[in-house]
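For reference, the structure is listed below as structure tokens.
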Amino acid sequence: MSKESIITGLDVGTGFIRVVVAQTKEGDNHPQIIGVGETKSFGLRRGVVVDIRDTVKSIRLAVEAASRSSGLAITSATVSLGGNHLQCRQSKGVVAVSRADGEISSEDVARVLKAAQAISLPPNRQIIHALPMNFTVDGQDEIKDPIGMHGVRLEVGCLIVDASSPFVRNLTKCVNEAGLNVESLIASPLAGAEAVLTKRQKELGVLCLDIGAGQTCLTIYEEGDIIHTHVFPLGANHITNDIAIGLRTDIDLAERIKIEYASVLPQEINSKVKINLADLSDSEQGYVPRCEIAKIVRARAEEILDLVNQELKRVGRHGLLPAGVVLLGGGAKMVGVIDLIKEKLRLPAQIGFPQEATGILDQVDDPCFAPAIGLTYWGVKNRQNSGGGMAGSPKMTYGLWQKIKKLLKAFNP
């Protein structure tokens, strides 16, 4: 990278579009935030584009706000990719070390990562990430970076994250029509985790849970590596819908009630405490017990956490993550949600806030902004990796694979 580099993170969510502009200096992996933009999102449902025109307009508004905030023209961005079409699977690759003296080079690493991607995928799916979990050299496992070591046989255990190609093309088209180049695509479950988790949490074992508007994302780390990720098509918007149906009111009022009064602990609310709907909307009358609202919210929150529990059991990590749960997204702001997570998942829990970032933190010190900030971290890594070697964590992203395809083709027979 140059001495000073501008990185932009574009978080394309169902509820909001958020843009974070950051500046990094050579040798410093910690972004300094210099601009922020946020606008309501239209044209997306459950993390995927359903209306290109509305999505383009929403992205433009957010980018313009970030451009005014930073004083810079924004031309490219690292973009989040959401939706429950995202899938992950583990794969292994094996190659022979090419050099006669047995020293492992970056070309050997590229070849073994390509070998790990030699998996059967439907024609409408494509690989977004190939995330090395550990390397093995001549039977010696748990190696993080094998470059410079000596051996004959190089193996890698890899987590492959793939996505639906039509959804990827639709999102890319929206970003391009909004006037930006897509520097790289990052699966949304991985974006927020990068901003809020500490190295110690990743080593111990941790679940990053992002309850967004239209989807809930989970990412599991263990021994420093991502071992699993998943997206559920349920989020905070479903809670809003439940409130609207339960109270027989319009969706805008239901959203306001959720933001101002939502709780998942109805047993702690006095049954005599009521909300005057006329104070919230001129078109509504009557009183609603606050504990009844809490019962509606808790029912949907429990459903989301039951799905998370099932996924943890499926991958054998139920109750086995010492660093617990780190919660992100708008769902993290509900009263009592941390206590509910501790009860349902049987793990310690806390709300996640961006780590190690500097700059205008007063505007982004919010669990909702973690994915956008995390995208700037991924942008820094991507540029370092594309510059050569395996700087920092050896993570291979969509954008990086696009850049090194020519190198990989050289190894085809």
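We did not get these values from a lab; they are worked out from the coordinates using the rules stated. Since this is a predicted model, take the numbers as computed values, not measurements. Heads up, the Cβs are rebuilt from the backbone with ideal geometry, glycines too, and the neighbour counts pull from every protein chain shown.
For this structure, a couple of remarks:
- Counting only DSSP beta bridges with both residues in the chain, the antiparallel share comes to about 75 percent.
- Residues VAL308, VAL12, VAL63 arranged by fewest to most Cβ contacts within 10 Å: VAL308, VAL63, VAL12
- Net length gained if the chain between ASP141 and LYS40 were fully extended (0.36 nm per residue, minus Cα distance): 31.7 nm
- Prolate/oblate/rounded label for the range 281-379 (Cα gyration tensor, a/c 1.5): oblate
- For the range 232-305, a crude dipole built from +1 on the beta carbon of Lys and Arg and -1 on the beta carbon of Asp and Glu, taken about the Cα centre, is about 280 debye to the nearest 20.
- Nearest-ten-degree value, helix 165-177 long axis tilted from longest Cα axis of the chain: 80
- For MET149, the residues whose modelled amide H falls within less than 5 Å of its own, excluding neighbours fewer than 5 places apart on the same chain, are ILE104.
- Taking a ≥ b ≥ c as the square roots of the eigenvalues of the Cα gyration tensor, the range 150-218 is oblate, since a/c reaches 1.5 or more and a/b is not larger than b/c.
- For the range 198-352, share of DSSP beta bridges that run antiparallel, in % to the nearest 5: 65
- Our helix-only sum for the chain, with -39,500 (n - 2.57) per DSSP H run of n ≥ 4 divided by its residues, gives a mean residue ellipticity at 222 nm of -11000 deg cm²/dmol.
- Long-range lysine pairs (8 or more apart or interchain), the range 198-352, Cα under 22 Å: 19
- Taking a ≥ b ≥ c as the square roots of the eigenvalues of the Cα gyration tensor, the range 59-100 is classed as oblate, since a/c reaches at least 1.5 and a/b does not exceed b/c.
- Gain on full stretching of the segment that runs from THR198 to SER281 - 0.36 nm per residue minus C-alpha separation: 25.6 nm
- A simple spin-label model places the labels of GLU356 and ARG256 4.3 nm from each other, with each point 7 Å out along Cα-to-Cβ.
- In order through the range 51-61: 3J(HN,Hα) via Karplus (6.51 cos²θ - 1.76 cosθ + 1.60), integer Hz, x for Gly, Pro: 8, 5, 4, 5, 5, 4, 4, 5, 4, 4, 4
- The chain: angle of helix 290-314 to the longest principal axis, Cα-based, in degrees nearest 10: 20
- Label-to-label distance, ARG169 versus SER105, with points set 7 angstrom from Cα along the beta-carbon direction: 3.7 nm.
- Note that the range 198-352 shows a convex hull volume over its alpha carbon atoms of 94 Å³ per residue.
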